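What follows is a set of notes on a single structure, which appears directly below.
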Amino acid sequence: MLGRRRDIAVMSSAFFDRRNESRELPECRRPFTGWRWPARKVKSPPRCSDRAVTLAGYKNSDAAKLTKDVLLRNLDIAEKLGCLDDAGLAGMRRGKAATVMKGPYKGDQLSVDHIVPRAVVPELDNVIANLELMPLRMNESKNDKIGDRQRDMAKKFYQAGLLSRKGLEAVQ
């Protein structure tokens with residue numbers, strides 16, 4: 001899974017580009033558009049995500065942990081959906097959506113979803129920790145629903161300083 005020695009990518013560069021923080025990483029070609037083993041000498045996805053979060057300037061350890069966790073989760077999602085083949089990786093490196101190759105959503109485009117909907121809490125629109133990969137049809141069917149997961153994540157975002165009290169109240 002996460003430790004396979006082959007090209008893997010966690011998400012399109014939109015995750016960092018949304019915050020205008022797309023930076024070159026010595027160990028990862030570009031933040032989370034591609035990790036290469038062994039050519040890039042990346043020891044592990046966690047190490048690469050640690051480095052990216054550091055270079056992105058996260059000072060708050062709770063916010064950094066939430067961000068790292070979601071990046072690694074998105075890597076796992078992309079792997080399970082079969083989006084990390086050569087075509088998917090090449091497309092993501094160019095800012096294009098990969099195609100889901102496995103599961104009930106096979107053939108869909110991979111999309112970026114807001115865990116806590118931006119329609120409910122606009123201040124989380126560009127928070128990387130609030131972004132998750134999923135097939136486009138699943139994303140479109142989700143709409144602006146708030147459930148236990150969204151409320152739980154909103155509490156974590158608030159505790160990490162990524163969400164205001166007003167934003168937390170909007171989710172509760």
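Please treat every number below as a calculation from the coordinates, not as lab data. Bear in mind that the values here come from a model prediction, so they are computed numbers and not experimental data. With ideal geometry, Cβ positions are generated from the backbone for all residues, glycine too; neighbour counts draw on all protein chains shown.
Annotations for the structure displayed:
- Listed by Cβ neighbour count within 10 Å, with the fewest neighbours leading, LEU84, LEU72 appear as LEU72, LEU84.
- Among VAL70, VAL112, VAL53, a tally of other beta-carbon atoms within 10 Å of each Cβ gives an order, fewest to most, of VAL112, VAL53, VAL70.
- In the structure shown, the pairs LYS96/LYS155; LYS65/LYS166; LYS106/LYS166; LYS68/LYS102 are assessed against 30 Å; a Cα-Cα span above that value is assigned to LYS96/LYS155; LYS106/LYS166.
- Nonlocal amide H pairs with LEU133, under 5 Å, H built at 1.01 Å: ASP113
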